[in-house]
Each structure stands twice: as C-alpha cells, then as structure tokens.
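Step one of this worksheet: look at the structure below.
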Amino acid sequence: MEILDRISDPALDELVQFAAMLGKADYAYLGSIDGNRLCFLSQFGFKAQEQPLSATACQWMLEKGEPLLIEDARQVTSQFASQVASQAPRFPPAGIPLIDAQPCRSYAGVPLRSNSDQIVGTLAILAREAARFSLEQITVLEILGRQIVTRLELYARIRVQEQAQRSRQRIERALAIERCFVAATLDSIPALIAVLDTAGRTVRMNQSCAQLTGLSFADAVGRPFIDEVLQTEEQPWAHGRLRDAAAGQVSGPHETEWRVVGGLGRRVSWTLRPLEGPDGEIQYLIVSGQDVTDQRKVETALHSSEARYREVVENSLGFVFTCSLEGRLTSLNSFTAETLGYRAGALNGRFVTELLDAAGLAAFQDCLRALAKQEEWQGALPLRRSDGAFRRIACRSRRMQLPGERPFILIYGTDVTEQHEAEQALRMATRQRELILDSVGDGIYGIDLEGRLTFINQAGAQSLGYTPEQLIGRDLHEVVHHSNADGTPYSKSTNPILQALRSGEPIRMRDEIFWRDSGTAVPVEYSANPLMENGLISGMVVAFQDISERRRLENMKDEFISTVSHELRTPLTSLRASLGLISSGSLDDRPEKQGQMLTMAIANSDRLIRLVNDILDFENVDKRQVFFDRRSVEAMDLLRCAADAAQNTAAQAHIRLSVEAAPAQAMADEERIRQVLNELIGNAIKFSPPESTIRLSAQPINEGVEDSPAVCFTVEDQGRGIAPENLERIFERFQQGDASDSRALGGTGLGLALCRSIVEQHGGRIWADSTPGHGSRFHFTLPAATQGAS
C-alpha cells in the first residue's frame, strides 16, 4: 500500500476527471482501502475525503476482485465485466450513497492491481441516472487504472531512489568533512605528528613536524622516519622501539635529539603508538612529540643559577614573566615591561587579569585551570598597554616547582599582533572575494596549468548542473568542454582556453558549447585571461555567460519578422490587386465582380488593422499600461456573450457551440476577459473540423496554497490536438502549436501570449491539456468575487 502513500497529485486528479468526462459521469473517485474505510485520494464532483467501505459499491467489487457494473441500484441489477450475476446487494431506496453528493443509480468500478497482482485501490465512476454506463466504460476504467498504478509505482521507485541517493550523499559529505577536519586539525596543532607504516616509512607528517625537521612532504613520504630525523647513534635503539610498536606496544615518552634544518639538533619528547585497523591488525604507527628544547634550556637555567635565569630573562626579546597559581605577577623581564609601556617592577604584585579584556580574562582562566591539572598550556592573551592599546601575545605557559618553593607559572610569549591583524585581513579579503564571486551572475572559474579547476563561483557551477565541490580538482575540459555541438569529440589540442594557457594571451570566444551534468549543451560566450604570480603564469581565469536566452530571443525575433512580414504581405498583395482591378476600369461593366473586389479589399484592410491592434494590445498589457476595471461578473454571462459573438463564425464553419456553467461570480474586467474568451473560441473554431462541438464551461474551484476560491473557465474543442512538448510553448510570444499554422491559418502568435498576460494580471493562471487527435482543452482561472463585491 506504500504506492498510495503520497500527497495529492494534480496528474491523478486529471485522470479521475478524464474518467468522469469519458463516462459522462456525475462523480468519480480514486480510492484506497484503510481497514473498513474507503479513503478518496482524488475525487470529481464531490469533496468528501473518506466513507465507510460498507456504504459503497466498491466492497462488492473487492470481494470478487473483478470489475463491477451496476446499471440500476434501485432495481438491484448488477453485472461484472466477465459475468452476469442475478443477485446483488441491496442499497438504500434512493440509490448508492456518496457523502456530500446525491445518491447514484449507476456505478462502474475496477480494482487497481500492482505489478505483484495485489489490489491497492479502486477507480470508480457514478451517475445519478440509471443505465448511464456500459462495458465500454469498464474497459476505459481498466486502461486508466493501469495508468494510475504505473504512475504511483513510479513515484514509489523515485522516492526510494531519492532516499538512497540522499543517504549516500550525506555519508560521502561526512567522510569528506572528516578527512578535511583531521587534516586541518593535524596541521593546526603545535604538536609534532608523523604517521608511519609498520615498516617505519613515513606516510604523513603535519606542518609542525615538517617545519621542525625541514623535510617537505614530498621528500619525507616513503622514506624511513627514524633514519631521517634521529641522530646516527640513536637509530639502532629507536628501531627496536619501532618493532615494539609494530607488535602492538606503546613506546615512550622518549626524549632524544632530532636533526633539523641547518644541522642543529632539537630536543624532542616523543611517543610511538600503534594504530589498529577494523580487523584488529596494526596498520599504522603514530609518532607524537613536542619540541622541548627551549623548555629544557629554561629548566636547566633555573636549576643551575637564579642569576643566570635572570640574565636570560632580561636579555630575552620575548615576553617572559612569572605569576602565582592565583595569577598575581611575581616577576617580568624588561622587554615585557617596556613593550607594555611600564617601568620595570611597576607591575609586580598586580594581577594579570588587570591587563586583560573580557575575552583575555576567559582565556587566562582556562590557562589557570589547565595548569592546575597539567604542566603546560598554550594560547593567546591580549595584554593592555598603559595607553589602552592591546598587544596580542602568543603564550606558552608551564607550571614550575623549584625545591623548597611554592609552585609558580612561567609564561613565555611572542608579540604576534601584526601577524594576527594580517591573518584577519587575509581572511576578510578571502571572504570578500568569495562574496564577490558568488554575487556575480556570470560564471567564473579558474584552472591550474594542468587544466584542473581550482575555484568556481556558485552561479557558474549551478549553470553547469554541479555544486562547486563536485568540480574542484577535476579536468574541466573532460567535464564540460569535451564535445562539439554535434556531439563529435573536442580535442584538447584545439581547445581555445588551453591554447591561451600555453601562449599566455587572453582570448574571447562568442560561440562555444559547454555541457551540463545532465548531458545537455549550453551555448556560451566566454573570456579567458592568464593568472600571473610573480611574473609567471599559474593558471587561467575564465568568465562565461549562458546565452541560451539570447539565442531564444533572436530566434523569436526572426520568427516574428517572418510571421509579421507574411501577415502584412498577403493582405497588402490582395488589397493592391483588388484596387488595381477597380481603378483600371476593367470591372466597370461587371458591378457584381467589382463589389466582390471591394469586399475583399475591406476584409484585408480589417485583417491588417487586427494585426496592428494585436501587437499594440500585447505591448500595452504586457507592460501593465492598461487599467483593469474589475467587477463581480457572472461566469455564465461571460460565456454566453463570448458564444454570441462567435456564433456567426462558428455557423460558417459548421461548428456548434455548447455553453454550461455552475453559478459562480468572478472578479474580472468584463471586456478583457471577453477578449480572452474570444481568442480561445476563435482558435477552437479555426482548428476544429466541421460538424464538431466546442464546449464552453465554468465552475467554482479552490486553488493555491491557501485554497483561495476561484472560478475555472474551460474551452474544449474536438480538433487535432496539440503535441505535449508544445503545451507550454504556445503561450509564448510569436509561437503556435505548429509552425505551419501561421502560414496556413494566419495569425501572429500573439493571441495566447496576450491571454496569459491578461489572466495573470487578474491574479489567475492559464494552461492547456490535450490528447493529439482528440481535441484540446484550454483552462484559465479568475479570483472568485466575495459577497458584496461589485
């Protein structure tokens, strides 16, 4: 039953309405069985949402699992599509009950079966009169029922596929974010991190480790880590620790000399930990360490001599000060005092918190809490100068304990104010660049020297059917520039962008093709300029525009010129010929022929006037330069006036006009809506065969998100119909259902576009549906008039 578990679908409503129209039924519904209830998923002619199953005719059809036809519920006659039964359940004397509707005497219904031959619902039509339906309606209902089940099962499959795709995308996005987070975290922490395989070869190292050792990632990867960073005499011992870790043991912490840039060693405290995979086997070894060279020097100086300590501190060009565990300053070097604008000793005894703002106070409290549990803390503190300005200090703090003294905190810091401001400016500039790129309507992207995309703005990615993340790092020629418009391969050697990249010269192309993710071509024009860094080309920046709309407008203009030229030339030629014959005097002796020529001249003059009026009306309405006098108008009156105006034309074409409308009041400019109806009826007459009927109808409906009351008008013909791909195009300017219509039947293609503009400015909408070979139906809605409106 999951295929029926979805929201209301206009397509299902149209199929139910179509079933009612084909069977000339008063009511129709598409129902599903929920216990002892029949729930209506779509209904025609009534508004009830559900009804007890026992009060419907469908229960008897579902017991047999076959189509059911009841000719007269009062006379208790019924038959199945495959057999006739003499007995049938009795219904109330008035007929088959239907909530919010009148009792019905005629009923035709079929069960809806899924591909697994399970009955998932019913499709039924009912009529108040007896003997309204026959076995022919049963056949039609079975065909429509199969269409409904096919559509519902398609929805179910699409929903399952969408759920699976969203789940897969969430997992892939989470994995990508996790990788980026891990990489960014490793590179942002000051600890020294290296990832080794079980043989001790380098797999990855973070930025801090690379900076300390002077090894780039390209130089270090795949090479023995121990041999690269440790001193020669310590390598045999370290290889033994490496084997222990590969066997699953944690080794460390160890403190050894590491070789660094320039040949000077650094004292590093490091630990070797095994990393198990999902199967429990050791996959990697993690080296985590800290450069403790400076700490050990400070500790040695402190333990060796207080005098030496003071000398080192005083001569330091960094911030060096000590404080108690409560945060009271006990000593600071001259550089710290001078940088903050104080005399040496003036700050002793004061609390560090007096030099901090609110954010700095929170950071320092974190420092005190951390040092109460561990030995070190690193962070940044904004210290206030005597003049009120702040200096940002990157601090490294350590809890110290000298023999016979209380513990204290030693803080070493570096003034990074300018660096912090530069980083903020860089982040702001990067953000501004991103905002500028995303605010530009044109597509903008950059490629590197290998043709791989380095950045693309949101508008560019969206126009190509991708997200920026899907394109970053991909060969853009292979993705969007791989083929010509005719589908033949587009060689990289002839790609103008890559040629310009090799030559280092800007280019501009006005007629090129890019390809969307969906496989559709996008006509574009673009300009490409070299991206220069330090005098060398590092890539290309390409700005492109989707010119599909421009081409469409150009084609529309050409079609308009062609159509209007034909529409002007034909009546003018006829008019000139008629007047030429009259002025030559050759028809003076034939007054009846002369009258025909005058009639022809007048008709062609009227045709030219109508053409000009159509163009002027469309321009005025489309630019909203026309005032609409909206009043409450009876729908039947509008239809009758339009039918009376078209009666002579319809009679000449041997076509009948049928008018029927439920009582309904619409808010409309009567003259303009009659203009819409005249256009729709005129088109219906033009495309209908002789001896056919054009039906005009109107009924109140509720539409829109808030179910606003409206009136729906319909003009239905029995002509040749409209191809599905043209149902939307016919409402555009200078468009007709068939390009040959403008030649064979006349017209500029502005009539329906004018109708749409008038209806939309009334607050309604207009559309068409059609079955080729079986006629067309044009519908438009108008807001319903409220009580008291005039």
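The values are calculated or read from the model by the stated rules, or taken from the named source; none is laboratory data. Because the structure is a prediction, the values reported are computed rather than measured. Glycine also receives a Cβ, built like all others from the backbone with ideal geometry; neighbour counts cover every protein chain displayed. Just so you know, the surface numbers come from the protein's heavy atoms only, side chains and all, with ligands and any DNA or RNA stripped out. Shrake-Rupley method; radii C 1.70, N 1.55, O 1.52, S 1.80 Å.
Details
- The residues of segment 406-526 expose, per residue, 56 Å² of accessible area to a 1.4 Å probe.
- Under 14 Å, Cβ to Cβ, from ALA363 - net charge with Lys/Arg +1 and Asp/Glu -1: +2
- Carbon and sulfur %, accessible surface of segment 140-245 computed with the full protein complex present, 1.4 Å: 56 percent
- Estimated dipole of segment 453-542 in Debye, rounded to 20 [Cβ of Lys and Arg +1, of Asp and Glu -1, Cα centre]: 80 debye
- Ordering PRO689, LEU657, ILE673 by Cα displacement along the dipole of segment 654-696 toward the positive end leaves PRO689 in first place; charges were set at the Cβ atoms of Lys, Arg (+1) and Asp, Glu (-1).
- Close amide-amide hydrogen proximity is noted between ARG204 and VAL195, each under 5 Å apart and 5 or more residues distant or on a separate chain (H modeled in the peptide plane; Pro and chain starts excluded).
- Under a 5 Å amide H cut-off, with hydrogens placed 1.01 Å from N, LEU657 pairs with ILE694 among residues at least 5 apart or on other chains.
- Counting only protein heavy atoms and a 1.4 Å probe, segment 167-305 has 56 square angstrom of accessible area per residue.
- Phi angles across segment 10-24 convert, under the Karplus curve 6.51 cos²θ - 1.76 cosθ + 1.60 with θ = phi - 60°, into 3J(HN,Hα) values of x, 5, 5, 4, 5, 5, 5, 5, 5, 4, 5, 5, 5, x, 6 Hz, Gly and Pro given as x.
- Lys, Arg +1 and Asp, Glu -1 on Cβ, resulting dipole of segment 111-178 about Cα centre, debye, nearest 20: 240 debye
- Cβ-Cβ distance of ALA653 and GLN118, R₀ of 60 Å, FRET efficiency by 1/(1 + (r/R0)^6): the value works out to about 0.75.
- For segment 410-420, 3J(HN,Hα) per residue [Karplus equation, 6.51 cos²θ - 1.76 cosθ + 1.60, θ = phi - 60°, Hz, x = Gly/Pro]: 9, 10, 10, x, 10, 6, 10, 4, 5, 5, 5
- Here the simple spin-label model places points 7 Å from the Cα toward Cβ, and for GLN165 and ASP588 these points are separated by 8.1 nm.
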